[in-house]
Amino acid sequence: MRGRRIAAAALATAGLLLLPGAIMAHWATTQLVETERFVETLAPLADDPAVQDRIIAEVTALVDEQVDIDAVTAELLSGLGEALDLGPRARAALDLVSAPLAAGVRSLVSDVVTEVVQGPAFSAAWKRSIEVAHTQAIRLLSGSPDSLLTLDRDGTLSLPLGPIVADVRAALVDEGVPFAAAIPDIDRAIVLAEVPNLALARVLFQVGVTVGFWLPWITAALLIGAIVLAPRRPATARTIAVITLGVAAALALGFALARTAIAAYVGPESSALAGSVFDAMTAYAVSTLIGLLVLSALVVVVAWGLGSSALAARARSALGARRGQAREALGIEPSPLGENLHRWRAPLRLAAVVLAALPALLLPPLSAVTVLASALLAAGLLVVLELLAVAPPPPAPAPPAKRAPRPRARAAAG
């Protein structure tokens, strides 16, 4: 008994120590390695107003920086005056409209940039580039210089503006803006966000995708093994669930504080953009943490119900009485099927729980919805099993054995 207790404690300790790393490794490898999930994560950012506003502002400023619109406009008007051989007053009048004309050109540039960034073509191109070039995600984590997005060691995620400026230049040329062709190729990037967890994701990825895939299963096996070996399984399950709940809550709080800190660090101009990127990149991990919180709470309740307290015992007795009443109402009588189900009820209960867990396991990420769906499915299967598993009737008592009549004593001779 003492050996089992020590082994269970060792397995539980190891599993709980690995739990935070398992969550983070699973998030990093699953969300960033699977093409479909990676596209689902980053593609919606093309339509996010915060991302669009930042790109529009940066690209418009770059165009204005690369092309002196005031000087170009003044030069065009001056050339027009010379070509028409206008007098001094006419040329002075042209100079007066130079500033409004430059403002109009700036407005046109801003409108074109907005149209390009907010148009469906940009959104489709964004998604298509992510989907076709999914290897960029791997390059991002491995630190390859060919990555579309760049991630520094401190967790700074950047987006090069060169391709977007090229699209804007082509659109301006199509609009008939004469100086648009003079916009040079841009080798500049904007900082989307500074997310330290992305730097952690790079470290975890470089440790190995395989480790990230198997670590959650190893952690789960250690915790389940601790419960199986423990002499008092309900109490052990309840303790592990409470600690898991605390770990998940601490990680969720850490994500929330990190988002607030990042928004404050980048300043009000970039806080909305940083928040959008952070939410997109951490949505999988946050969903998993919320699912763990719900799962841990359910395990605490179930473990208490299976415990040895007087209140739990009364609750089980009440449920047993309700089960008998339900059988009578449904007309369930003892049968060979019910007897077999009763005989094998322990492995059948385990099979029902495993079967009910499939939605949560096969539909990642773990979430409150999948956990509750699995819990309801498990409860339904167990209720059906308990109603149908009717114990065989006790054998009828054997009739009392008839005593043999005593032989009459022979009369004494005499």
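Brief remarks on what is shown
- Residue within the range 241-249 that is under 26 Å from residue 10 (Cβ atoms), free of Cβ contacts under 8 Å to residues at least 12 places away in the same chain and part of a helix (DSSP H, G or I) present: yes
- Which numbered condition residue 308 fails, given (1) under 17 Å from the mean Cα position of the chain (by Cα); (2) closer than 19 Å to residue 233 by Cα; (3) of a type in the set (Ser, Thr, Tyr): (1)
- Pair list, Cβ < 7 Å and 6+ apart or interchain, from the range 350-373 residues that are closer than 25 Å to residue 31 by Cα to residues that are open to solvent by 90 Å² or more (accessible area, probe 1.4 Å) and modelled with pLDDT under 85: 370/363
- Residue match in the range 235-245 (condition: of a type outside the set (S, T, N, Q) and under 20 Å from the mean Cα position of the chain (by Cα)): yes
- Only residues that are over 12 Å from residue 216 (Cβ atoms) and buried (at least 17 other Cβ atoms within 10 Å of the Cβ) were counted in the range 1-27, giving 4.
- Listing of helices (runs of 4 or more DSSP H) fully contained in the range 111-188 that carry 3 or more residues being modelled with pLDDT under 75 and open to solvent by 40 Å² or more (accessible area, probe 1.4 Å): 120-132, 135-142
- Among the conditions (1) surrounded by 16 or more Cβ atoms within 10 Å (Cβ to Cβ); (2) within 16 Å of the chain's Cα centre (by Cα); (3) over 20 Å from residue 18 (Cβ atoms), residue 256 misses just one, which is (1).
Residue by residue, here is whether (1) at pLDDT below 90; (2) under 25 Å from residue 307 (Cα atoms) holds:
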position	(1), (2)
214	yes, no
219	no, yes
226	no, yes
230	yes, yes
233	yes, yes
241	no, yes
258	yes, no
261	yes, no
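The values are calculated or read from the model by the stated rules, or taken from the named source; none is laboratory data. All of these numbers come straight from a predicted model, not from anything done at the bench. Using ideal geometry, Cβ is built from the backbone for each residue, glycine included, and neighbour counts are taken over all protein chains shown. All accessible areas refer to the heavy atoms of the entire protein, side chains included, with ligands and DNA or RNA removed. Shrake-Rupley method; radii C 1.70, N 1.55, O 1.52, S 1.80 Å.
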